[in-house]
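Okay, structure first, notes after.
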Amino acid sequence: MTDLETKLKAEAKRLLDEHLVDVFIGFRKENAPLHPQPAFFTQSDQLDDFVYNNLCQNNLAKFLTRYPRETRIGMIVRGCENRSVNHLIVERQHPRENIVLIGVPCTGIYDWRKITQRCGEEISSVEITSEKILVTTPKSKFEFEPKELLHVSCARCSQPNPINADLVIGDPVEAKDPARAKRQVETFSGMASKARYEWFTHEAERCIRCYACREACPMCYCAECFVDHGAPRWTESMVSKAGMQTWHIIRAFHQTGRCVDCGACERACPMDIRMTYLTEKLNTDMEIEYQFVCGMDDKTQPPFAAFTMDDKTRFVA
Amino acid sequence: MNYILTRNDIPKVLEKWSEAYQVIAPQKYSNFSAFLPYEGKAEQLCLEYPHNTRYPPKALFLPQSEELLKYTKDGQASEPGLDTKPKLIFGMHACDTRAMTLLDTVFDAKDYQDPFWKARREATAIITLGCDEPCKTCFCTTVEGSPFNRQGADIIMTNIGEAFHLEALTPKGEKLCKGLPLATKAKDRKVAKLQEQATISMPKAFETEGLKATLDANFDNNYWEEVQRSCLGCGVCTFLCPTCFCFDIADEAARSKRYRNWDTCMFSVYSKEASGHNPRPSRKERTRQRLMHKYSYWVDQIGKIGCTGCGRCVRYCPVGLDIRAMLREAGTLPVEVTHA
Amino acid sequence: MSAQEPNIVLFQCQWCLYAKTDQDWVENALPENMHLVKTSCTGRINPLFVLNAIQGGADGVMISGCKPEVCHFKEGNLGARRQLTAFQSLLNHIGYDRSRIRFVWMDLQDTGRIQKELAVFEKDLTEMGMSGVLVTRKPGFEGGMHD
């Protein structure tokens, strides 16, 4: 058990033993390789399987909206998860007084797909130290440096530290160069428009409409998703070009001003489809036009809700 | 009879087979592999990976989206023709091949035959590639299968290093093997040993003896509340599963066509009724349904477990839920003995 | 679209045309290649309306409503301006040129403006040519895994 895990576990035990929370959300040891599971501890004697490492790839804020508002929830949050929680509070999904945030400055999530791409899909074990990651398969051993495995959202993350957690465990992490955060968007924008459309189509056409991206996203909590509407029929449920394109465009668009670029959507996808290049563009637009970064506090309304008459000088050609 | 197909001969033989069939084989696709039409590029073939494709080959018989009929505004309807094009699937694993035979009990049963499914099945020959090195995430032997299970195969292929050993199992298989060099008895013995070793190398993932009875007795157990907590309710496990077959029929007015699309019991709208009532209102009922269907209701229907242990749900669940662990735990639940 | 005429869909709020001549024109005398979808307010315009129009073959989409100070519903257009501009930017990002979506925010004195704007738009689109992207709901263009 690492030092971080020991401290987190102790804090979880304290919160549960002292009845300060009804449920503590963290992770537990994986059954399937590369996937520690989100875990929901209600008593401290359940913490034997507790783990916390860079393979913990889900955004735990997703589970906030599953509980009634009276439930007191304790949750481990990295930078992006803290921002998701903040924005869910802005959207009134859970009162702040019923949330206890244990913040962890984040060194990044390792993308399981980068591991399977290099090592094959049969993984025996993974050992993580601060300097390297050792992956063992039945036939071979592989060694990675952390920066080789970071998920693309983490590689450009500019908010790795918790924003307003009740307790922070671990030393602050230096944010990535903010200029780097823009680079993927700039590279993509630099392509000719036809090339961009082809790239988008190529990604979207692998889609199998499993909606893992939607379910992994903390901000997708609508009781009825637009894809399930019959009237009006916004899009087909088929795996046709029209259906897939609409799905990707609109899911990304419904995140405008709400997305913290955690990348959980991409990591959940079984077909390795890229999506963050869409939300990144929208996040950049919100930042440039409205100086808005989602989730930096739990009070600021997102741009689509914060319009005022001052807007009359905007959008003037 | 048994034959040998050397690696060097593969492009030539596939080309010959392509004269009579459309050959479909697992090939490189994005970062992984998929069943794609073979277009003469032998270097694209994925016969070595100790794993399977992600997207299941049931799509070759039950496409994810299939046109059932088209109609005009004045009420004329027409059906698309059945797909009777001869196909040869080269290199489908035993778990997936066996899964097709399980799906035959749904789509080609005594009382009802699905014409779309049946046409494709009859037109398709299957060369099964057995797994000489089964994955840790696979568990076919736990659910009445094996890495070299022969159910549903026209030929079963074994990797013997420099070549593949082919055992023709049906007249279709024999016909395909015509012209290939025969295998020696020594090779046959070597293959039999290899197959046996691969099969016994797989540990038992969970106990199936008494599993159904335990599951049935614990329908209302709080265990289901616990097991669903991290489940996202997405469709990854069901869409990647080779034995899941549920579908939804949708009239797409914008195209004037009626389509059949894969559906999943994991979505909340799956069981939602027109009145708005949903008999499976929460993830608890839906997760329970998935496990019970595969390991209890299938047994009620055809006497077999509805899972072939391919391991896709284990490898690709976004929250790392492992069906083997869920069933191991379920197996420890008490089976109450009620006294009359 | 024929070689000369781009398909244009006009989403327009019902309040922004003050002059009766303008109202009659959009309702009865729009050229054949232009299609009007009248909404109660631009705030009602769901980005999905725009996307569906594009998928059905619109070479250009014009969104017309009231200037910020004169919205009949006070703020409807304010939200619309933010949302639809962001949507235009996203569509441009994936290859649907931003100049194919044009916004016209009208004032009460703007008699005769809508005809001029549409004429200019039509001319610009003719020079640009057919869009060719995202046209996936038009019969014959569907494409995809199973078409």
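Annotation note: Cβ proximity below 9 Å between a residue of segment B:126-144 that is touching a residue at least 24 places away in the same chain (Cβ under 8 Å) and surrounded by fewer than 24 Cβ atoms within 10 Å (Cβ to Cβ) and a residue that is among the β-branched types (Val, Ile, Thr) and in a strand (DSSP E or B) (sequence gap 6+ or interchain) occurs for B:Asp132/B:Thr158. Residues in segment C:13-29 that are in contact (Cβ under 8 Å) with a residue 60 or more places away in the chain and not in a helix (DSSP H, G or I) were compared, and the one that is farthest from C:Ile45 (Cα to Cα) is C:Ala19. Here A:Ala231 meets the list (1) of a type outside the set (Lys, Arg); (2) exposed (fewer than 15 other Cβ atoms within 10 Å of the Cβ); (3) under 21 Å from A:Asp111 (Cα atoms); (4) modelled with pLDDT under 95 almost entirely, failing just condition (3). Does segment B:262-285 include one or more residues that are over 27 Å from A:Cys207 (Cα atoms), at pLDDT 95 or above, away from every other protein chain (no Cβ under 14 Å) and in contact with a Cys (Cβ under 8 Å, 6 or more places away or on another chain)? So far as segment B:262-285 goes, no, none of its residues is over 27 Å from A:Cys207 (Cα atoms), at pLDDT 95 or above, away from every other protein chain (no Cβ under 14 Å) and in contact with a Cys (Cβ under 8 Å, 6 or more places away or on another chain). For segment B:156-171, the criterion of being part of a helix (DSSP H, G or I) and either under 24 Å from B:Cys307 (Cβ atoms) or not polar (S, T, N, Q) (or both) is satisfied by at least one residue.
If you take the residues of segment C:45-72 that are away from chain A (no Cβ under 13 Å) and at pLDDT below 95, which of them is surrounded by the most Cβ atoms within 10 Å (Cβ to Cβ)? In this case the residue turns out to be C:Ala58. Given the criteria away from chain A (no Cβ under 11 Å), under 25 Å from the mean Cα position of the chain (by Cα) and within 22 Å of B:Leu240 (Cβ to Cβ), does B:Gly306 qualify? It is true that B:Gly306 is away from chain A (no Cβ under 11 Å), under 25 Å from the mean Cα position of the chain (by Cα) and within 22 Å of B:Leu240 (Cβ to Cβ). Taking segment A:117-136 as the range and being charged (D, E, K, R), in a loop (DSSP other than H, G, I, E, B) and within 13 Å of chain B (Cβ to nearest Cβ) as the test, the residues that pass are A:Glu121, A:Glu122. Checked against (1) away from chain B (no Cβ under 13 Å); (2) β-branched (Val, Ile, Thr); (3) assigned to a loop (DSSP other than H, G, I, E, B); (4) more than 16 Å from A:His87 (Cα to Cα), A:Ile273 passes all but condition (1).
Going by what's in this entry, would A:Trp234 be described as of a type in the set (Phe, Trp, Tyr) and more than 8 Å from every other protein chain (Cβ to nearest Cβ)? Give the steps one after another, and end with the answer.
Working: of a type in the set (Phe, Trp, Tyr): yes; more than 8 Å from every other protein chain (Cβ to nearest Cβ): no.
No, not satisfied.
Considered as a group, the residues in segment B:292-318 that are of a type in the set (Val, Ile, Thr) and buried (at least 23 other Cβ atoms within 10 Å of the Cβ) include one that is nearest to B:Asp96 (Cα to Cα), and that residue is B:Thr308.
Scanning segment B:61-90 for residues that are within 21 Å of A:Lys241 (Cα to Cα) and exposed (fewer than 14 other Cβ atoms within 10 Å of the Cβ) yields a total of 2.
For segment A:206-222, indicate whether the set of residues that are closer than 25 Å to A:Cys56 by Cα and touching an Asp or Glu at 6+ places or on another chain (Cβ under 7 Å) is non-empty. Scanning segment A:206-222, I find no residue that is closer than 25 Å to A:Cys56 by Cα and touching an Asp or Glu at 6+ places or on another chain (Cβ under 7 Å), so the answer is no. Please go through segment B:319-334 and pick out each residue that is surrounded by 19 or more Cβ atoms within 10 Å (Cβ to Cβ) and away from every other protein chain (no Cβ under 11 Å). If the condition is that a residue be surrounded by 19 or more Cβ atoms within 10 Å (Cβ to Cβ) and away from every other protein chain (no Cβ under 11 Å), then B:Leu327, B:Ala330 are the ones that fit. Would you confirm whether any residue within segment A:93-100 is under 15 Å from the mean Cα position of the chain (by Cα), in contact (Cβ under 8 Å) with a residue 24 or more places away in the chain, under 21 Å from A:Ile163 (Cβ atoms) and in a strand (DSSP E or B)? There is no residue in segment A:93-100 that is under 15 Å from the mean Cα position of the chain (by Cα), in contact (Cβ under 8 Å) with a residue 24 or more places away in the chain, under 21 Å from A:Ile163 (Cβ atoms) and in a strand (DSSP E or B). If you check B:Lys175, B:Lys257 for being at pLDDT below 95 and either closer than 19 Å to B:Arg150 by Cβ or among the basic types (Lys, Arg) (or both), only one passes: B:Lys257. Looking only at residues of segment A:9-37 that are acidic (Asp, Glu) and outside any helix (DSSP H, G or I), we find that the one that is farthest from the other protein chains (Cβ to nearest Cβ) is A:Glu18.
Between A:Phe200, A:Phe253, the distinction of being closer than 25 Å to C:Gly56 by Cβ, touching a Pro at 6+ places or on another chain (Cβ under 8 Å) and of a type in the set (Phe, Trp, Tyr) belongs to A:Phe253 only.
For segment A:237-261, enumerate the residues that are assigned to a loop (DSSP other than H, G, I, E, B), away from chain B (no Cβ under 13 Å) and of a type outside the set (A, V, I, L, M).
So in segment A:237-261, the residues assigned to a loop (DSSP other than H, G, I, E, B) come out as A:237-239, A:254-261.
Then drop every residue that is not away from chain B (no Cβ under 13 Å), which leaves A:254-261.
Hits for segment A:237-261 are A:His254, A:Gln255, A:Thr256, A:Gly257, A:Arg258, A:Cys259, A:Asp261.
The values are calculated or read from the model by the stated rules, or taken from the named source; none is laboratory data. If you're wondering where the values come from, they're calculated on a predicted model, not measured in any experiment. All Cβ positions, glycine included, derive from the backbone under ideal geometry; neighbour counts span all protein chains shown.
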